[in-house]
């Protein structure tokens, strides 16, 4: 088990990083690290965090590929149409 003092040292380092962050993204990253360190210190499991990690790790499913693209398809012809242009009314 990690000692509380070591966790506190890392929290202090992350707080310093958050205070000196140049952009909101870096600040949020440091704050997320602090939250994770708190969870480690308390020994609890955050169900939302666990679900999020599981969702990120899950392998993406392959999407079926359409065999006929819209460029290869024959144009649609309607009885009342004046021409092939969108602007032919």
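The values are calculated or read from the model by the stated rules, or taken from the named source; none is laboratory data. Source: prediction; values computed, not measured. Counting neighbours? That spans all protein chains shown, and the Cβs are built from the backbone with ideal geometry, glycine included.
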Review point. List, please: which pairs have Cβ atoms under 9 Å, are six or more places apart or on different chains, and start with a residue in segment 4-33 that is touching a residue at least 24 places away in the same chain (Cβ under 8 Å) and at positive phi and end with one that is surrounded by 15 or more Cβ atoms within 10 Å (Cβ to Cβ) and not in a helix (DSSP H, G or I)?
Key: none
Revision key, fill the gap. Here, helices (runs of 4 or more DSSP H) confined to segment 1-70 with at least 2 residues that are modelled with pLDDT of 95 or more and either surrounded by 10 or more Cβ atoms within 10 Å (Cβ to Cβ) or more than 26 Å from the chain's Cα centre (by Cα) (or both) are 4-19, 24-42
